[in-house]
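See below for the structure under consideration.
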Ligand SMILES: NC(=O)c1ccc[n+]([C@@H]2O[C@H](COP(=O)([O-])OP(=O)(O)OC[C@H]3O[C@@H](n4cnc5c(N)ncnc54)[C@H](O)[C@@H]3O)[C@@H](O)[C@H]2O)c1
């Protein structure tokens, strides 16, 4: 038994998911939709799929599930339409660009029981897996220092248009909001300061988070840091022990007894594997087939959106500590 899949948004990320899905023999890509006909055609035809214009065209192909890989502002309405059509949904991050749309998606998934998974691919990336395995084995993070940067904000072309992106943090930093919650605990309170330095959006942001259990996290994100590695780094502080990851392929665990422990390198032959796209897509297909529950829940997606919303509210209020809504 397989899953008939449609994909909407044949840009850079859509093509990456098509590549990842091509490695799963249970998947049949029935159609690829894009507002630009040539983009749909170029992505669909080499894999024997039907080029389509929109979600209605994909639904007419009797797909079971749809991948939504559109620019951020379209996630909310298109995911809601797909759920209303009874389809399982894999949505790229962010969940939506407004909290209200996020609530509607969460409520609809809870009500109708369709599979919903968001593209938090780092949960499958080897460096973050290494950290999570140590936490599952007993490492307790009391506090943390994390960063995630972009070298520039030139691609995609809509990145600096807040009306489409939702804001700089909706695009890249959202991944680390999810990592902080996954590794440390739910984010309960956010204090944030932002600055518009090189682009017409807040592109230098410093945050102080409080996670469940009174765990403080220092978080920074910048949109113009050059592409020098590491673009992201996580340091978790335990009981005389430290867990560190750099980017998605390098991590280290040091203790009082072994402060010079070697870095672990996780080589991979290509980006779709290393960045976790192949495994996250496989997990979504497992969930569609009912062989495993969706590994990133709609509540996880909503929590990350709520933390983003609180962060921008804090910036707008000049750094006021802001509670992250849970409902
Ligand atoms: N998880 C990750 O690592 C990761 C990495 C990059 C991008 N993304 C996410 O993927 C999404 C897409 O980003 P991208 O870089 O591929 O963008 P992109 O601009 O390269 O591609 C978007 C595509 O959607 C099409 N499109 C736009 N509006 C449409 C509409 N209303 N109906 C149909 N098609 C429409 C465009 O023609 C384009 O082909 C974004 O939400 C981004 O945040 C995730």
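Here, each number is a calculation from the coordinates, and none is a lab measurement. Note that this is a predicted model, so its numbers are computed, not measured. Cβ coordinates were reconstructed from backbone atoms using ideal geometry, including for glycine residues, and neighbour counts include every protein chain displayed.
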Estimated inter-spin distance, residue 100 and residue 224, nm [label 7 Å along Cα→Cβ]: 3.3
Given 104-116, 300-312, the highest-first ranking by average Cβ count within 10 Å works out to 300-312, 104-116
Residue 260 to residue 110: extension gain in nm, 0.36 nm per residue of separation minus the Cα-Cα distance? 49.3 nm
Taking the alpha-carbon centre of each part, the distance from segment 4-74 to segment 166-236 in Å is 31
Highest mean packing first, using Cβ neighbours within 10 angstrom, the peptides 211-218, 144-151 sort as 144-151, 211-218
Neighbour counts of other C-beta atoms within 10 Å: give me 254, 97 arranged from fewest to most. 254, 97
How big is the equivalent ellipsoid of segment 137-189 along its three axes, where each semi-axis is √(5λ) from the Cα gyration tensor, reported in whole Å from largest to smallest? 29, 12, 8
For the residue 54, residue 214 Cβ pair and Förster radius 35 Å, calculated FRET efficiency rounded to 0.05 is 0.15
Quantify how much of the Cα-Cα distance distribution of segment 153-242 extends past 21 Å, in percent. 36
Report the label-to-label distance for residue 326 and residue 136 in nanometres (one decimal), using points 7 Å from each Cα along the Cα→Cβ vector. 2.6
Could you compute Rg(Cα) / (2.2 N^0.38 Å) for segment 32-183, with N its residue count? 1.18
Where in segment 272-314 is the amide nitrogen less than 14 Å from a point lying 7 Å along the Cα-to-Cβ axis of residue 1? 285-293
Can you put 224, 88, 134, 175 in order of Cβ neighbours within 10 angstrom, beginning with the fewest? 224, 134, 175, 88
Please report, in cubic angstrom per residue, the volume enclosed by the convex hull of the alpha-carbon atoms of the chain. 134
Stokes-Einstein D in µm²/s, Kirkwood radius over Cα pairs - segment 184-327 at 25 °C with 0.890 mPa s viscosity: 137
Distance between modelled label sites at residue 35 and residue 297, nm, 7 Å Cα→Cβ extension: 3.4
Over segment 105-201, volume per residue of the alpha carbon convex hull, in Å³: 166
Quick check: convex hull of the Cα atoms in segment 2-117, volume per residue, rounded to a whole Å³? 86
Which order do the peptides 229-238, 278-287 come out in when sorted by mean C-beta neighbours inside 10 angstrom, highest first? 278-287, 229-238
Order of 169, 1, 153 - criterion: other Cβ atoms within 10 Å of each residue's Cβ, fewest first: 1, 153, 169
